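Inspection log for the structure reproduced underneath, given as structure tokens.
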Amino acid sequence: MIIGKIWRSIAAQFNKLANYIWKVDPIAQMQYEYDQAVEQLKAGKEGLAQYRALVERVSRQVDEDQKHVNQLSARVKAYLNAGDRENASRFALELQKAKASLEENTRQLEMHEKAYDNNVRKIKHATSKVGEIKDRIKKYDAEIKMSRAEAELSELASAYDFDLTTDLGQIESVLQEEIDTNRAKARVAADLSEEGMDVIEKEAAAEAAIAEDALRQFEMDMGLITPQTANIEETGKDLGPAQTETN
């Protein structure tokens, strides 16, 4: 009883392992079954060829028996026509045995022919079934690959959902906040860069006026212009636009 329980436990574990292997790669299992069926068909065809050789031998024996019967029949008739009943009876007895052998071999031939035809039909049927299995393997292989791809795409689509409640959505939100902060800093820097520009411009204008005065002073010191002509030029510059407007 204990040994029986142990054996059943071991058998259950092997069955569990077999079921696991079946589920891991069912296409490979189907391919294995297909290969096994093909090998069996090959063996069946070889056996059928050997059986056909037997049928051919029996058929040849029947032909030889038929020829022997015909020859014996001819001899019996010849001896009867010659009035030799002794030899006629001897060949008649041999003819009787030959007919019995012919009848037996004919029955054997019919039986073997029928068995051969039945086996041919079985192998043809099995061959067509094996062909169907091959087509099914291709079909299931394509479908299982497509279904796996669809499942992976579905998981990928859900994994890359940019909803705020998902991790990727939260990451995107953090990135957007950092972008907004950087843009804000750049805007503040741009706004601050304009601060004090009026003072700088005024200082530049004052410096230009001082430089112009220094240049006139140099021209007067060098005798290039006199104070009177300097005043006239200054006045001309101031009245230039007004005179243009008057004209």
Task: Long-range neighbours under 7 Å by Cβ, at least six apart or interchain, first residue under 25 Å from residue 229 (Cβ atoms) within region 199-218, second surrounded by 10 or more Cβ atoms within 10 Å (Cβ to Cβ) and small (Gly, Ala, Ser) - done: 216/230
Open item on the list: Among the residues of region 97-137, what is the count of those that are closer than 30 Å to residue 70 by Cβ and in contact (Cβ under 8 Å) with a residue 24 or more places away in the chain?
Closed with: 12
Open item on the list: Which count do you get for residues in region 177-230 that are within 60 Å of the chain's Cα centre (by Cα), at pLDDT 80 or above and not acidic (Asp, Glu)?
Closed with: 5
Open item on the list: Could you go through region 118-128 and let me know if any residue there is assigned by TED's automatic domain parsing to the domain that holds residue 69, more than 18 Å from residue 47 (Cβ to Cβ) and either under 28 Å from the mean Cα position of the chain (by Cα) or not aromatic (Phe, Trp, Tyr) (or both).
Closed with: yes
TODO: Tell me, please, whether a residue that is of a type in the set (Val, Ile, Thr), at pLDDT below 75 and part of a helix (DSSP H, G or I) can be found in region 52-61.
DONE: no
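For every residue, the table says whether it meets (1) modelled with pLDDT of 90 or more; (2) assigned by TED's automatic domain parsing to the domain that holds residue 42; (3) among the aliphatic types (A, V, I, L, M).
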| site | (1), (2), (3) |
| --- | --- |
| 66 | yes, yes, no |
| 70 | yes, yes, no |
| 83 | no, yes, no |
| 98 | yes, yes, yes |
| 114 | yes, yes, no |
| 137 | no, yes, yes |
| 150 | no, yes, no |
| 168 | no, no, yes |
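The values are calculated or read from the model by the stated rules, or taken from the named source; none is laboratory data. Predicted, not measured: the structure shown is a model, and the values here were computed from it. Because the Cβ atoms are built from the backbone with ideal geometry, glycine has one as well, and the counts that use them run over all protein chains shown.
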